[in-house]
Amino acid sequence: MGSVTATVGPARHSNVILWFRTFAAIVGSGFRRYSTYRQAAVAGVVTNTVFGFLRCYLLLAVARQAGSVAGYDPARLATFVWMGQGLLAVVLLWGWTDLADRIRTGDVVSDLLRPVDPVTSHLAADLGRAGYAVLARMVPPVLVGPLFFEVYLPTRWSTALLFPLSVLLAVVACFGCRYLVNATAYWLHDVRGAMILWTLSSGLLAGLYFPLRFLPEGLHQTLWIVTPFPSLFQTPLDVLVEVDPPSVSLALVGIQVVWAVLILVSCRLVQRRAERRLVVQGG
């Protein structure tokens, strides 16, 4: 028994190391893939910057009438807008149909033959994409905003830890939501309806168009608990502008952790269910 234990232990250890190396390699490939679209990145930065000015002026007009709205003063709102314009590309609420396209064409069959399951491989590639977006899409709007508006700079040391963690959890949770929307192609074959519904609901309920705290208190608190949408966008921004006490910010990140785990588990279950009834177009 001793020799068996000695053999199994190192084998499992090497398998874990191999899994992490494979995951890291896919993350790197995702980073390199999206770094080739330089013109698209420049166009996206210009678009996000233009909309940043429009959103910032609109929300500042609301705040300056009352001095503060739902806990946001003008400086916090400016930070909320400009960081949000950069975070939008990192989280990527919309525009991802890779899985649905591969299901429609039948190429997903080759994915099922690979040693890494589709959920893990797509997640790793999306993390690489998000890493590139931080550099190419988030940094420029964040640098432009302070040149024209007074912004809020965090004052708590805990924010330096919570904000990156919150952004990472938002990326993971949003990936899971997009994966589930794409996975409807296993049954529907055409995901345009599901994508339209996702685009409308995520933009409105995630806090992209306006901070969710502008809504009645009971409503926005309910959204935070019973839906994953605030965890995709609103929570990282609220953590950054420190609109809540440290304990509340920590609780919001905790909610993100719960949603990220639940969504990834749902992705696994849906993928396994879909594999049992997969029909390749044309045969």
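Is there a residue being in a helix (DSSP H, G or I), open to solvent by less than 70 Å² (accessible area, probe 1.4 Å) and modelled with pLDDT of 90 or more anywhere in the range 61-69? Checked against the condition, which is being in a helix (DSSP H, G or I), open to solvent by less than 70 Å² (accessible area, probe 1.4 Å) and modelled with pLDDT of 90 or more, the range 61-69 yields no hits at all. Residue under question is Val142, and the condition is that it be part of a loop (DSSP other than H, G, I, E, B), open to solvent by 30 Å² or more (accessible area, probe 1.4 Å), of a type in the set (A, V, I, L, M) and farther than 22 Å from Pro228 by Cβ; does it hold? So Val142 does not fit the description; no. Going through (1) in contact with a helix residue (DSSP H, G or I) (Cβ under 9 Å, 6 or more places away or on another chain); (2) over 30 Å from Arg276 (Cα atoms) one by one, Ala61 falls short only on (1).
Inside the range 147-171, residues that are of a type in the set (S, T, N, Q), under 29 Å from Tyr57 (Cβ atoms) and open to solvent by 20 Å² or more (accessible area, probe 1.4 Å) make up a count of 1. Of the listed requirements (1) closer than 30 Å to Arg192 by Cβ; (2) surrounded by fewer than 17 Cβ atoms within 10 Å (Cβ to Cβ), Leu88 misses just one: (2). Every condition in (1) modelled with pLDDT under 90; (2) in contact with a Ser or Thr (Cβ under 8 Å, 6 or more places away or on another chain) is met by Phe23 except one, and the failing one is (1). Of the helices (runs of 4 or more DSSP H) lying entirely inside the range 172-283, those containing at least 2 residues that are open to solvent by 10 Å² or more (accessible area, probe 1.4 Å), in contact with a helix residue (DSSP H, G or I) (Cβ under 9 Å, 6 or more places away or on another chain) and under 30 Å from Val151 (Cβ atoms) are 192-205, 217-226, 246-276.
Say whether the condition of being within 26 Å of Pro245 (Cβ to Cβ), open to solvent by 30 Å² or more (accessible area, probe 1.4 Å), aliphatic (A, V, I, L, M) and not in a helix (DSSP H, G or I) is met by at least one residue in the range 110-117. Among the residues of the range 110-117, not one is within 26 Å of Pro245 (Cβ to Cβ), open to solvent by 30 Å² or more (accessible area, probe 1.4 Å), aliphatic (A, V, I, L, M) and not in a helix (DSSP H, G or I), which makes the answer no. Answer with yes or no whether Ala100 is buried (at least 20 other Cβ atoms within 10 Å of the Cβ), part of a helix (DSSP H, G or I) and in contact (Cβ under 8 Å) with a residue 60 or more places away in the chain. Judged against the criteria, Ala100 is a match.
The values are calculated or read from the model by the stated rules, or taken from the named source; none is laboratory data. Just so it is clear, the model here is predicted, and its values are computed rather than measured. Note that we place each Cβ from the backbone using ideal geometry, even for glycine, and neighbour counts take in every protein chain shown. With ligands, DNA and RNA removed, areas are computed over all heavy atoms of the protein, side chains included. Shrake-Rupley method; radii C 1.70, N 1.55, O 1.52, S 1.80 Å.
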